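One structure below.
Since every read-out is calculated from the coordinates, none of them should be taken as a lab result. The shown structure was predicted, so the numbers you read here are calculated from the model rather than taken from an experiment. FYI the Cβ positions are ideal-geometry reconstructions off the backbone, even for glycines, and counts take in every protein chain you see.
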Amino acid sequence: MKPLITTIAILLLLAGCGKNKSSNPGPASPPGAASLVFPDQNSICISGSIISPKQSSVQFKWNAGNYTDSYVVVTKDLLTGDTVASPATQTQINITLNTNTPYSWCVISRSAKTSTIAQSVVWKFYNSGAGVTSYAPFPADGLNPGNGQYVTVPPSGTITLSWQGTSVDNDIVGYDIYFGTTTTPPLYKSGNTSMSISNIPVKTQSKYYWKVVTHDNNNNTSATEVIEFDTN
């Protein structure tokens with residue numbers, strides 16, 4: 001009789017362990033970042049469906065991220081800074097955009113099983129329009145110092161400003177740098193041909209503002225937003 005009781009006790013213990021495992025599956029896997037497909041990086045988009053002289057519908061495509069239930073496509077008008085978030089449940093979506101306008105875009109992956117999200121890389125493209133043969137350069141990006149950054153002033157008392165400039169026509173001829181202590185910084189240097197400027201004098205415990213205007217050889221221009229940073 002005792003061996004039978006022992007066997008039943010072991011079976012009940014095993015059953016209880018199995019029940020606990022099934023009721024606690026563990027944390028959900030976080031979603032993976034999507035890989036962008038179209039519109040391509042630094043490209044001219046001419047495949048959109050014309051809606052009006054000033055707007056077209058562009059189909060965005062990307063490859064799925066792992067463990068993902070839905071997506072949000074974030075498009076940003078690089079001329080105005082306006083950002084639009086468009087939800088999607090598949091790996092493509094049509095979005096209405098302004099023509100003759102540079103945009104950036106990325107995809108955010110979401111899962112219903114976790115609050116964790118994943119963001120793709122950010123790509124830029126130019127949404128073309130009818131009759132356009134020359135395209136304005138993209139506003140410079142990668143500005144350093146960046147917005148809200150704290151910069152330690154070196155013993156020399158000077159710093160370097162740097163950025164990245166791109167154009168679908170590869171025809172950038174120079175940059176104007178605006179820099180100062182006011183929210184609308186004055187022109188500091190025009191026609192700079194490199195993507196940095198050094199030996200800029202600054203003071204400690206101060207706030208500075210700057211922006212970059214890019215020029216191409218067809219007299220097209222684009223400007224960044226005004227960046228602010230502090231020194232310590």
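At a 10 angstrom cut-off on C-beta neighbours, averaged per residue, how do the peptides 129-136, 107-114 rank from highest to lowest? Working shown, then result.
On the way: 129-136: 13.5, 107-114: 18.5.
Averaged packing, sorted descending, gives the order 107-114, 129-136.
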Relative contact order for segment 141-231 using alpha-carbon pairs under 8 Å, separation at least 6, rounded to a whole percent? 35 percent
Around Asn232, under 13 Å between beta carbons, what's the net of Lys plus Arg minus Asp minus Glu among the other residues? +1
For segment 218-228, 3J(HN,Hα) per residue [Karplus equation, 6.51 cos²θ - 1.76 cosθ + 1.60, θ = phi - 60°, Hz, x = Gly/Pro]: 10, 6, 7, 9, 8, 10, 7, 6, 6, 9, 10
So, with +1 on the Cβ of K and R and -1 on the Cβ of D and E, and no other charges, what is the size of the charge dipole of the chain about its Cα centre, to the nearest 20 debye? 1120 debye
Give me Asp82, Asp176 ranked fewest to most by other Cβ atoms within 10 Å of their Cβ, as a rough exposure proxy. Asp82, Asp176
Considering only C-alpha atoms, what is the centroid distance from segment 175-232 to segment 72-134, in Å? 27 Å
Listed residue (Ile51, Val37, Thr183) projecting farthest to the positive dipole end of the chain, Cβ model: Val37
Taking Lys and Arg as +1 and Asp and Glu as -1, residues besides Val168 with C-beta under 14 Å from its C-beta add up to -3
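What is the extension gain from Ser70 to Ala28, computed as 0.36 nm multiplied by their sequence separation minus the C-alpha to C-alpha distance, in nm to one decimal? If you can, show how the numbers build up before the last one.
Working: separation 42, 0.36 × 42 = 15.12 nm, distance 1.54 nm.
Using 0.36 nm per residue and subtracting the Cα-Cα distance, I get 13.6 nm.
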How large is ³J(HN,Hα), in whole Hz, for each residue of segment 167-178 in order, when computed from phi with the Karplus curve 6.51 cos²θ - 1.76 cosθ + 1.60 and θ = phi - 60°, using x for Gly and Pro? 8, 5, 8, 6, 10, 5, 10, x, 9, 9, 10, 10
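Below 8 Å between Cα atoms, with a sequence gap of 6+, how large is the relative contact order for the chain in percent? Show your work: numbers first, answer last.
Values: 529 pairs, mean separation 39.8, N = 232.
Relative contact order comes out at 17 percent.
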In whole Hz, with x marking every Gly and Pro, tabulate ³J(HN,Hα) for segment 188-194 from phi via Karplus 6.51 cos²θ - 1.76 cosθ + 1.60, θ = phi - 60°. 9, 7, 10, x, 5, 9, 9
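What order do you get for Thr99, Thr204, Thr152 when you list them from fewest to most C-beta neighbours inside 10 Å?
Lowest count first: Thr152, Thr204, Thr99.
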